[in-house]
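Asker: Just dropping this structure here.
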Amino acid sequence: MDEKILIIEDDKTLSRILEKALSQAGYHVETAQEGETGIIIAENHSPALVMLDWRLPGMSGLEVVQQLRNRCTMPILMLTANDALDDRVQGLDAGADDYMTKPFELDELLARVRALLRRTKSERTPLLSFADLTMDLQTREVRRTDRLISLTAKEFDLLELFLRHPRQVLTRDVIFDRVWRYDFGGTSNVLDVYVRYLRQKLEEKGEPRLIQTVRGVGYILKED
């Protein structure tokens, strides 16, 4: 199986129980005791699923979900003692994919994990494509038909965002948040510069333009 699961849980006893159960089920498990560390692990190690507690020291589990959802695409399963309907709704609205209240049965937890991973397996394919453009997330190779295109790390990240959201208008604020992860301010032209770099490389052999400008809003990946 060898799918990676990240547990963000400050209760060390519960964390060890979950780690043992998931490891025995064939998953590779990483753990963090607080939200900031969990976010760093999630961004750097790209787990297939994140499991986290609502009540964490420092940054709350709810804040962690919001941060992860802005940056990552993996499913998120929240574990919490909060069983009120409003709390469940709040957790799901923040971006969690599923919600389990403590105490819970390990068999049910494992079933929820399997269901979430099945549901998102097609979304985690290592190959993204649009028109004659393909991106392999494992080898980091980008091709236009058979032509190999060399991209910098930031160009790759920007193109990946477009390929994950084809035919969808992406505002400048969304792109800054997902690719640069902080606010450059409305006067910055760094996005326009990187889009120009990408266009030059993608259209080097006279290929049709795929990254279109939506004036006053942002950009969209679509064919003319």
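Asker: Quickly run through region 8-41 and pick out the residues that are among the small types (Gly, Ala, Ser), touching a strand residue (DSSP E or B) at 6+ places or on another chain (Cβ under 6 Å) and under 16 Å from LEU117 (Cβ atoms).
Answerer: SER23, the sole residue that qualifies.
Asker: For region 118-126, state whether one or more residues are on the phi > 0 side of the Ramachandran plot and modelled with pLDDT of 80 or more.
Answerer: Scanning region 118-126 turns up no residue that is on the phi > 0 side of the Ramachandran plot and modelled with pLDDT of 80 or more.
Asker: State all residues of region 89-123 that are surrounded by 15 or more Cβ atoms within 10 Å (Cβ to Cβ) and either of a type in the set (Asp, Glu) or touching a residue at least 40 places away in the same chain (Cβ under 8 Å) (or both); if no residue qualifies, say none.
Answerer: ASP97, ASP98, LEU109, LEU110, VAL113, LEU116, LEU117, THR120
Asker: Follow-up question, since we're still on this one. Taking the condition touching a helix residue (DSSP H, G or I) at 6+ places or on another chain (Cβ under 9 Å) and hydrophobic (A, V, I, L, M, F, W, C), does VAL179 pass?
Answerer: So VAL179 fits the description; yes.
Asker: Right, something else. Could you please let me know if LEU22 is farther than 28 Å from LEU163 by Cα and either in contact (Cβ under 8 Å) with a residue 40 or more places away in the chain or not acidic (Asp, Glu) (or both)?
Answerer: yes
Asker: How many of the residues in region 162-183 are surrounded by 13 or more Cβ atoms within 10 Å (Cβ to Cβ) and modelled with pLDDT under 85?
Answerer: So the count comes out to 3.
The values are calculated or read from the model by the stated rules, or taken from the named source; none is laboratory data. A quick note: this is a predicted structure, and the numbers were derived from the prediction, not measured. For neighbour counting, all protein chains shown are included, and Cβ atoms are generated from backbone atoms with ideal geometry for every residue, glycine included.
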